[in-house]
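S.K.: Below are the structure tokens for one structure; questions will follow.
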Amino acid sequence: MIEFAVNGTLMRGLKLNNNLLNVGAVFDRESSTAPCYRLWSIKDQYPGMLRDLEGGKSIGVEIWQVPLGGIADILIQEPPGLCMGKIELHDKKVVLGVLAEPFLVAGQKEITIYGGWRNYDQSCHQ
């Protein structure tokens, strides 16, 4: 099993969470990133997160324990422009997780101020 950070629709109770469950992933804990990430809403369907040392903030994530062989199955089902990379957590630990390629966030709505996809999504549905 490998620790894997997710910051959007793969999270518990959201629309792509079954992509984790179907490969035998197990929820470990809620966490947050180091304060060096920015978050965008991609067409209000899912988030895209990028590391940015100048304008970043801590973003809420979930840490899952994922069988190593399941990582590829999860990523292949992610929307184009989302990829795997190393994410630094608030406690300085580095884990694998979902990030966005820079082209994906161009022209999209920045939602960093919300501190995470759940907070943004909830604010849209109040």
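S.K.: Count charges around Cys36 for me, please; just the other residues with Cβ under 13 Å from its Cβ, Lys/Arg as +1, Asp/Glu as -1. Walk me through the numbers before you get to the answer.
M.R.: Numbers: positive: Arg38, Arg51, Lys57, Lys86, Lys92; negative: Asp52, Glu54, Glu88.
The answer is +2.
S.K.: If one puts a single equal scatterer on every Cα of the chain and applies the Debye formula without solvent, what log₁₀ I(q)/I(0) results at q = 0.09, 0.10, 0.16, 0.17 Å⁻¹?
M.R.: These q points yield log10 I(q)/I(0) values of -0.21, -0.26, -0.71, -0.80.
S.K.: Can you list the lysines whose alpha carbon sits under 20 Å from that of Lys92, skipping same-chain ones fewer than 8 residues off?
M.R.: Lys57
S.K.: Oh, and also: Under 21 Å from the Cα of Lys43, which lysines turn up, not counting those fewer than eight places away in the same chain?
M.R.: By straight Cα distance, Lys43 reaches Lys15, Lys109.
S.K.: Something else: Report, ordered by chain and residue number, the aspartates and glutamates lying within cross-link reach of Lys86, taken as a straight Cα distance under 16 Å and ignoring same-chain residues fewer than 8 apart.
M.R.: Glu3, Asp52, Glu62, Glu101
S.K.: Could you quote the convex hull projected area for segment 9-53, Cα atoms only and averaged over all directions, in nm²?
M.R.: 3.9
S.K.: Sticking with this one: Provide the gained length on full extension for the span Cys83 to Val26, in nm with one decimal, where the gain is 0.36 nm per separating residue minus the Cα-Cα distance. Walk me through the intermediate numbers first.
M.R.: Numbers: separation 57, 0.36 × 57 = 20.52 nm, distance 2.04 nm.
Computed gain between Cys83 and Val26 is 18.5 nm.
S.K.: Explain nothing, just compute: Karplus ³J(HN,Hα) = 6.51 cos²θ - 1.76 cosθ + 1.60, θ = phi - 60°, for every residue of segment 20-33 in order, whole Hz, x for Gly and Pro.
M.R.: Values, residue by residue: 6, 4, 5, 9, x, 5, 10, 4, 9, 6, 8, 8, 8, 7 Hz.
S.K.: Could you rank the peptides 70-76, 43-49 by their average count of other C-beta atoms within 10 Å per residue, with the highest value first?
M.R.: On the way: 70-76: 14.9, 43-49: 19.6.
So the order, starting with the most tightly packed, is 43-49, 70-76.
S.K.: Okay, next question. What relative contact order, as a whole-number percentage, does the chain give when Cα pairs under 8 Å and 6 or more residues apart are counted? Intermediate results must be reported in sequence, preceding the final value.
M.R.: Numbers: 261 pairs, mean separation 41.5, N = 126.
About 33 percent, as a whole number.
Read the figures in this text as sums done on the coordinates, not as results from a lab. Note that the coordinates shown come from a computational prediction; the quantities given were computed from them, not determined experimentally. Because the Cβ atoms are built from the backbone with ideal geometry, glycine has one as well, and the counts that use them run over all protein chains shown.
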